[in-house]
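Just so it is clear, none of the values below were taken in a lab; they were calculated from the coordinates. Bear in mind that the values here come from a model prediction, so they are computed numbers and not experimental data. Because the Cβ atoms are built from the backbone with ideal geometry, glycine has one as well, and the counts that use them run over all protein chains shown.
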Amino acid sequence: EGRLALSSPLRILANNDNIFNNVCLSSTQIFGNLFACHHDETVYPDPWEFKPDRFLEEGKLVGADHPAVRNFIGFGVGRRRCVGQQMARIRMFLYTTCLLQKFKIEIPKDTSLPSHDPRALLSESPVILPPPMQYCFVEC
């Protein structure tokens with residue numbers, strides 16, 4: 001049975017249970033809210049701003065014990081965590097590095113970049129999709 005990766009239930013209750021002082025009936029599906037976790041202002045100051053430097057200190061990647069890394073759960077958590085996480089991160093790094101070494105990425109003349117604020121991208125879809133955008137890859 002196929003499932004949308006970020007909306008899979010973490011648990012389906014077998015019995016009635018009390019969770020955070022709320023009565024949950026058996027067969028209730030429990031979902032984690034990854035969006036809320038990644039926009040927690042106590043962990044990520046200005047969570048609506050695009051700040052890749054959250055993961056850098058003095059120009060170097062922060063360690064695994066840094067709160068920004070510990071609380072990033074894009075690959076899941078616990079026993080259901082993606083087994084390919086390390087390979088995926090390495091592949092994304094190599095792919096991006098190769099592109100940036102060979103090309104200068106520009107936007108076409110007379111256009112502007114859309115907002116990168118995810119609140120502008122919310123829709124009825126369970127998946128946040130960016131608006132269409134054109135880019136020019138200029139060989140270096």
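Scan the chain and report its longest stretch carrying no GluC sites (Glu not before Pro) that are both in a DSSP loop and have at most 14 other Cβ atoms within 10 Å.
Answer from the scan: 59-123.
Over every pair of different alpha-carbon atoms in the chain, take the mean of 1/r and invert it; report that Kirkwood radius in Å. Could you put the intermediate results ahead of the total?
Details: mean 1/r = 0.0529 Å⁻¹.
About 18.9 Å for the chain.
What does the helix-only formula give at 222 nm for the chain: each DSSP H stretch with n ≥ 4 adding -39500 (n - 2.57), the total divided by the residues, and the result rounded to the nearest 500 deg cm²/dmol? Spell out each step's value before the answer.
Details: 3 runs with 27 residues, N = 140.
Helix contribution divided over all residues of the chain: -5500 deg cm²/dmol.
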GNM result for the chain, Cα springs below 10 Å: residue of Asp110, Asp40, Asp53 fluctuating most strongly: Asp110
Charge dipole magnitude, Cβ of K and R +1, D and E -1 - the chain, Cα centre, debye nearest 20: 600 debye
Whether region 64-107 is rounded, prolate or oblate, judged on the alpha carbon gyration tensor where a/c under 1.5 counts as rounded: prolate
Long-range amide H partners of Leu56 with built H, under 5 Å: Val62
Loop-exposed trypsin sites (Lys or Arg not before Pro) per DSSP, neighbour cap 15 Cβ within 10 angstrom, longest uninterrupted part of the chain: 4-80
Cα long-axis angle, helix 85-102 against the chain (0 to 90 degrees, to the nearest 10): 20 degrees
Among Tyr44, Ile105, Leu13 - extreme Cα towards positive end, dipole of the chain, charges at beta-carbon: Leu13
GNM result for the chain, Cα springs below 10 Å: residue of Ala64, Ala14, Ala36 fluctuating most strongly: Ala14
Relative contact order %, the chain, counting alpha carbon pairs below 8 Å whose residues are six or more apart: 16 percent
Choice from Gly78, Gly63, Gly32 showing the highest fluctuation, given a GNM over the chain with Cα pairs closer than 10 Å: Gly78
Backbone HN-Hα couplings from phi across region 20-36 [Karplus 6.51/-1.76/1.60, Hz, Gly and Pro as x]: 6, 6, 10, 7, 10, 7, 4, 6, 5, 8, 9, 10, x, 9, 4, 4, 5
Set of aspartates and glutamates with alpha-carbon distance to Lys102 below 16 Å, sequence-local pairs under 8 removed: Glu139
Rounded to whole Hz, the Karplus (6.51, -1.76, 1.60) HN-Hα couplings of region 50-64, x for glycine and proline: 7, 9, x, 5, 4, 9, 10, 9, 6, x, 10, 4, 6, x, 5
